[in-house]
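Participant: Let me begin by handing over the structure; questions about it come next.
Please treat every number below as a calculation from the coordinates, not as lab data. Remember, it's a predicted structure, so these values are computed and weren't measured experimentally. Please note: Cβ atoms are built from the backbone with ideal geometry, for glycine as well, and neighbour counts cover all protein chains shown.
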Amino acid sequence: MIVAAAQLGPIQRADRRADVVKRLLALLHEAKARGAELVVFPELALTTFFPRWWMEDQAEIDAFFETEMPGPETKPLFDEARRLGLGFCLGYAEKTADGHRYNTSLLVDASGRGVLKYRKIHLPGHAEHEPWRPFQHLEKRYFEVGDLGWPVTRYSGAVVGMCICNDRRWPETYRVMGLQGVELVLLGYNTPIHHPPAPEQDHLAGFHNHLSMQAGAYQNATWVVGVAKAGREEGCDLLGQSAIVAPSGEIVAMASTVGDELIVARCDLERCRGYKETMFNFAKHRRPEHYRLIVERTGAIPPA
Ligand code: CDT
């Protein structure tokens, strides 16, 4: 499968949805021209990364959420992708009819039909206002923990799953999909390079990004398509380095800018099989009877 990672440069707060969708459309056209059949957009691809602000006015918060998908402003994306015969994966803030709010990714097939939804499970940051920070990370305030697990589906000959940003740092994310035979993980992210609680880690942001995705890919014998929203957004620098990672753990394509940029790779699903049948033959080598602690315990408890 030829897959495109459609990295986005920054989206400022004043940018209109319609203008953002025009940028997505330009990337969609480039993807078509370069032979892709599936295009992956970042987390919260329609707006600025709004959890950086403490907001109390519910109407102001709601303006960042989609109540329907497609809605009037996103329909052109669905229509054009269908016309071009392209599937895509889109990250957005979802508000459900009964008032729940999630950080969501939707996989849409080439006929314009939503075929898989994922709601972010590992919500990083904090829920209360922390004025000492230069910017907030309030995902725990604005979103609920996803309620769908990590489902996978068969899509165009591949077993496809999704996760979102901070999920990529947790081995459980990939393993739950790995146990369903995943071959292609689609993953969008918004990663501030500065991490206010631990600034000494800032210079490693790019290393940790790739480390997580490469380990997840290799240990689960899957392709991983990691797509950034990058660049200086409302004064906050977001990591780029979108990457397509092979089941060997090798990066086969990587973005070199922090703007709108398309990278493309031919993801040969046979390369998953090689690892799934040898080193990571789960049925043969896993020992779940020794893994109980992973599901029974959340935080670490060192010995007395
Ligand atoms: N969007 C997102 O999940 N970003 C986080 C930042 C963590 S710092 C609170 C990430 O893991 O990249």
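Participant: Work out, step by step, the length gained on full extension between ALA63 and ALA304: first 0.36 nm times the residue separation, then minus their alpha carbon distance; give nm to one decimal.
Facilitator: Between ALA63 and ALA304, full extension yields 81.8 nm more.
Participant: If we restrict to alpha carbons, what Rg and Dmax does the chain come to, in Å?
Facilitator: 18.7, 63
Participant: Rounded, prolate or oblate: which one fits the stretch 188-304, using the alpha carbon gyration tensor with axes a ≥ b ≥ c (rounded when a/c is under 1.5, else prolate when a/b beats b/c, else oblate)?
Facilitator: Oblate shape, in that a/c is at least 1.5 and b/c is the bigger or equal ratio.
Participant: A further question follows. Could you check the spin-label model distance between HIS29 and GLU130? Points 7 Å from the Cα along Cα→Cβ, value in nm.
Facilitator: For the pair HIS29/GLU130, the computed spacing is 4.3 nm.
Participant: Among the aspartates and glutamates, which fall within straight-line cross-link reach of LYS120, defined as a Cα-Cα distance under 14 Å, with same-chain neighbours fewer than 8 residues apart omitted?
Facilitator: The qualifying aspartates and glutamates are GLU43, GLU94, GLU139, GLU144, ASP147, ASP167, GLU172.
Participant: Another question, then. When we measure straight from the Cα of LYS284, which lysines land under 26 angstrom away, once same-chain ones fewer than 8 places off are left out?
Facilitator: LYS276
Participant: Given Cα pairs under 8 Å that are at least 6 residues apart, what percent is the relative contact order of the chain?
Facilitator: In percent, rounded to a whole number, it is 20.
Participant: For n ≥ 4 DSSP H runs only, could you compute -39500 (n - 2.57) per run for the chain, divide by its residues and tell me the 222 nm figure to the nearest 500?
Facilitator: So the calculated ellipticity at 222 nm is -7000 deg cm²/dmol.
Participant: Output the antiparallel fraction of DSSP beta bridges having both residues in the stretch 5-125, as a percent to the nearest 5.
Facilitator: Roughly 70 percent of the beta bridges in the stretch 5-125 run antiparallel, per DSSP.
Participant: Give the calculated FRET efficiency between GLU56 and ARG13 to the nearest 0.05, with a Förster radius of 25 Å applied to their Cβ-Cβ distance.
Facilitator: For R0 = 25 Å, the calculated efficiency reads 0.95.
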